[in-house]
Structure formats: C-alpha cells, structure tokens
Amino acid sequence: MRSRIAVLASGGGSNLQAILEHFDRLGAHRGGDVVLVASDRADAGALERARRRDIADVVLRTKQQPDGPPLEQLLDEHAVDLIVLAGYLRLVPSTIVAKYEGRIINIHPALLPAFGGPGMYGSRVHRAVLDAGVRVTGVTAHFVDDVYDRGRIIAQWPVPVFAADDAGTLAARVLRVEHLVYPRVADAVAAGRLTLENCVTSSSPSLVDTRPSFTLLPHEESRLAENIEIALGC
Ligand code: GRF
C-alpha cells in the first residue's frame, strides 16, 4: 500500500514539484501519493502547484488566518501517513511530531549539523556558509523531531562552494541537488525502505551513498593525493 503524503511548504514549492515529477516517473512503483499540500501562507507558490494537479491545497490556521484548519485535524481528515516538509518555515507542533515519529522528513540546504537551527533558512543559510569560508556545503535530508534541524540524518550530498559565489549562485547549485536527493528520500521513506530505525547504522543498506562524489576508495588513494596536490598548487 502506498503512503498518503502531506507536503507542507511556505514558499515556491520547487521541491514539491520535483517530488511530484519523480513520482510520475516511478508510476506504479512509487512509494506514495501526495494527497495534500498545506501552507501557512496563502500566497505560497506550492499551493498553486498543488491546484494545477488537483491535489487538495489548504491554508493553515495562523494568527493572520484564524479561519484556517489546524494542522492536526487536516492530517486526520486526509488520513496522512507521511509528512514531507519542503521549505516549511514553522516548527511542527510537538503533539504532531510525537504522533508521527519517524514519519516526518525535511530537507535542509546545508550539511547539518552545520548551518542549521532557528533562523537558518533561505538565503541566510547560504550567506552563513559564504561568511564561514567553507569550500563544501550540501544538502541534508533528515527525520524531524521537536528541535529545528536536529532529527536523525537520512542522506547528505556535498556541493562545492566556488570563490565567485554569492548567496544566489550557491542557492541555485544546492537546490539542483535537493531536487535530486529529496524525491528519492521521500519515495524510500514512503515505501518503507528507509525508516528511523534502519537509517541509524552505517551497515544498513543506505539509500544515498556519497562515496561516488569523493575519491576515497583504497585503490583511489594516489588519485586523491594527486587531486589534493593540484588543489593546493604544490
Ligand atoms: C529549499 O532550499 C529547502 O532546502 C528549504 O527551503 C527551500 C524550499 O524551496 N528547506 P522550494 O519552496 O522547495 O523551492
């Protein structure tokens, strides 16, 4: 049985779009169906993307929109099994986090636990990466608990930072990778291939093996040394 997925988004919803398109490609093999898109913002592009696909789109109850339904009620009404946060800027209430343990995932545009936590969203993340002078950033998909950006990591993928980058060019490079990683993580969790329990140990069959993006295999050591020398100009 496929999972019933709710996507929560506050912004444009390009990750939502990437998930929908990936599920289209998987066809009958997909692990879930997006049955609901909900937002705290009436003008979120994600809602428009849902409407175009005849997926239920809902503006959640907030101080500004007191008439909207509360999240928990909505999840029950749509019999949601899995919550996918895709650029959702609010903390998910702890009652929902407890009820959906291991069934809420998020994508963060940096390599957690670095550059995460309260206030670290959107271009702020990429500016902090540039200010810190790191040469590698990336994406992190993780399970959600009741602290921002702290839940168990499911998958990470590195993205290089170039000297000429500004927050915009870096965000675009990272987003491209998000669109590749997140739909695959969402599908694996929806299908039950990846769970909070089995993503703990390094010996478990891992969905995202970052080795191909590095040269760390024993027989590649000389290549690695050579590449380091080239990078250092020695
Ligand atoms: C992404 O960068 C994601 O990592 C972060 O919020 C952004 C959402 O972008 N959590 P979009 O709305 O999916 O285009």
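Each value in this text was obtained by applying a stated rule to the coordinates, not by laboratory testing. What you see is a predicted model, and the numbers here were worked out from it, not measured in a lab. Positions of Cβ are generated from backbone atoms using ideal geometry, with glycine treated the same way; all protein chains shown enter the neighbour counts.
Roughly how many nanometres apart are two label points built 7 Å out from the Cα toward the Cβ at L224 and T169?
Spacing of the two 7 Å Cα→Cβ label points: 2.9 nm.
Could you calculate, for region 3-58, the ratio of the Cα radius of gyration to the Kirkwood radius, expressed as Rg to Rh? Please list the in-between numbers first.
Values: Rg = 10.7 Å, Rh = 11.1 Å.
In region 3-58, Rg relative to Rh is 0.96.
So between I153 and E48, what do we pick up on full extension, going 0.36 nm a residue minus the alpha carbon distance? Could you put the intermediate results ahead of the total?
On the way: separation 105, 0.36 × 105 = 37.80 nm, distance 3.00 nm.
Contour length minus the Cα-Cα distance gives 34.8 nm.
So what are the radius of gyration and Dmax for the Cα set of region 85-164, in Å?
13.1, 45
Subtract the Cα-Cα distance of L232 and R193 from 0.36 nm times their separation in residues, and report this length gain in nm to one decimal. If you can, show how the numbers build up before the last one.
Numbers: separation 39, 0.36 × 39 = 14.04 nm, distance 4.13 nm.
Extra length from L232 to R193 when fully extended: 9.9 nm.
Could you please rank L71, L217, placing first whichever residue has the fewest other Cβ atoms within 10 Å of its Cβ? Intermediate results must be reported in sequence, preceding the final value.
Working: L71 22, L217 11.
So the residues, fewest neighbours to most, are L217, L71.
Can you give me the distance in nm between label points at S94 and T62, each placed 7 Å from the Cα along the Cα-to-Cβ direction?
2.3 nm
Give me the Kirkwood hydrodynamic radius of region 1-122, using the inverse of the mean 1/r over all pairs of distinct Cα atoms, in Å to one decimal.
Working: mean 1/r = 0.0673 Å⁻¹.
Taking the inverse mean of 1/r over all distinct Cα pairs, region 1-122 comes out at 14.9 Å.
Pick out, from A132, F115, L8, the residue whose Cα sits farthest towards the positive end of the charge dipole of the chain, with +1 on the Cβ of Lys and Arg and -1 on the Cβ of Asp and Glu.
It is L8.
Can you give me the long-range amide H partners of I154? Hydrogens built in the peptide plane at 1.01 Å from N, cutoff under 5 Å, separation of 5 or more residues or another chain.
A141, H142, F143
So what J values fall out for region 150-161 if you push phi through Karplus, 6.51 cos²θ - 1.76 cosθ + 1.60 with θ = phi - 60°, rounded to Hz, Gly and Pro as x?
10, x, 4, 6, 9, 8, 9, 9, x, 9, x, 9
Quick one: Debye curve from the alpha-carbon atoms of region 46-104 only, equal weights, vacuum; give me log10 I(q)/I(0) at q = 0.15, 0.22 Å⁻¹ to two decimals.
Debye output, listed in q order: -0.49, -1.10.
How would the chain be classified by its alpha-carbon gyration tensor: rounded, prolate or oblate, with rounded meaning a/c under 1.5 and the a/b versus b/c comparison settling the rest? Could the numbers behind the result be given before it?
Details: a/c = 2.05, a/b = 1.57, b/c = 1.30.
Taking the square roots of the gyration eigenvalues as a ≥ b ≥ c, the chain is prolate.
Specify the residue with the greatest mean-square fluctuation among D149, D40, D24, computed from a Gaussian network of the chain linking alpha-carbon atoms under 10 Å apart.
Of D149, D40, D24, the most mobile in the Gaussian network model is D24.
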